[in-house]
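Peer 1: One structure coming up, written as structure tokens, with questions to follow.
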Amino acid sequence: MPVVGLGVWRMEGKEIRDLVINALNLGYRHFDCAGVGRTGSALDEDGVLEIDTTISLETTWHAREELVSMGLVRSIGNSNYDICLTRDCLAYSKVKPAVNQTETHPYFQRESLVKFCQKHGICVTAHTPLGGAVANSEWFGSVSCLDDPVLKNLAEKYKKTAAQVVLRWGIKRNTVVIPKTSKLERLKENFPVLTLSSPKRTWT
Ligand SMILES: NC(=O)c1ccc[n+]([C@@H]2O[C@H](COP(=O)([O-])OP(=O)(O)OC[C@H]3O[C@@H](n4cnc5c(N)ncnc54)[C@H](OP(=O)(O)O)[C@@H]3O)[C@@H](O)[C@H]2O)c1
């Protein structure tokens, strides 16, 4: 799987089309389509999550395994599975999960989950790899990850941007990163983090 992908959550219509075409031209080959298209609200009238409690996650996993045996998909995985859910899935699965896409970035490193997945051969895809935008400021404070003074100093030291430092850090810990951007210049900035070298020091 390409280690740098493009997340397109919260984008719509022509905006996504133009962005994906620009991304393909730049060399992106991994697109995370979470949230594309209409998925109805998961809340009921009282504002409480409305989830079908008659179907277990194991049942849904076996349904996905069927898709693999029918040749309709190549790999199956999970999203936002913590260690307990991942351990359970490993226990009941015949086709092992290829990926766990989960939130992780410098402000939310989740070492034990990341290492547990990797130890069991599950690739961790880091969603929200830049620390997210507005939504995450409630959790991590008013300073966004990319404005963090430590990261800004590192960026200055290595002649990179803070986003490039953060994405490179994600790749170095063997996670796949899927930063979202709606801006062409940031598409260019976020992609070449594997090959960038600093004037003073090469990324190793
Ligand atoms: N599975 C899940 O539950 C789940 C949950 C959340 C997200 N995701 C996936 O993960 C993807 C990324 O997550 P995310 O969008 O929440 O957060 P993110 O990628 O960590 O951050 C996106 C924010 O960073 C800005 N940004 C992007 N590149 C930048 C750069 N080089 N310099 C400064 N700012 C930059 C973007 O603004 P601009 O657009 O203005 O550039 C946007 O506000 C989503 O698109 C989605 O595909 C999955």
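Computed from the coordinates by the stated procedures, all read-outs in this text should not be read as laboratory data. Treat the numbers as computed from the prediction; the structure is a model and nothing was measured. Virtual Cβ from ideal backbone geometry, glycine too; neighbours counted across all protein chains shown.
Peer 1: Cross-link partners among lysines for K159, C-alpha distance below 24 Å, same-chain residues fewer than 8 apart left out?
Peer 2: K172, K180, K183, K188, K200
Peer 1: Taking region 45-133, how much of its Cα-Cα pair set, in percent, is spaced more than 14 angstrom apart?
Peer 2: Working: 2653 of 3916 pairs.
Every Cα pair in region 45-133 considered, those over 14 Å come to 68 percent.
Peer 1: Another question, if that's okay. Please name whichever of Y28, V48, Y158 sits farthest to the positive end of the charge dipole of the chain, dipole taken about the Cα centre and charges placed at Cβ: Lys and Arg +1, Asp and Glu -1.
Peer 2: Farthest towards the positive pole: Y158.
Peer 1: Among the aspartates and glutamates, select those whose C-alpha is under 19 Å from the C-alpha of K119, and discard any that sit fewer than 8 residues away in the same chain.
Peer 2: D82, D88, E103, E111
Peer 1: Now a separate question. Which three lengths, in whole Å and largest first, does region 1-155 cover when its Cα atoms are put on their principal axes?
Peer 2: 47, 40, 37
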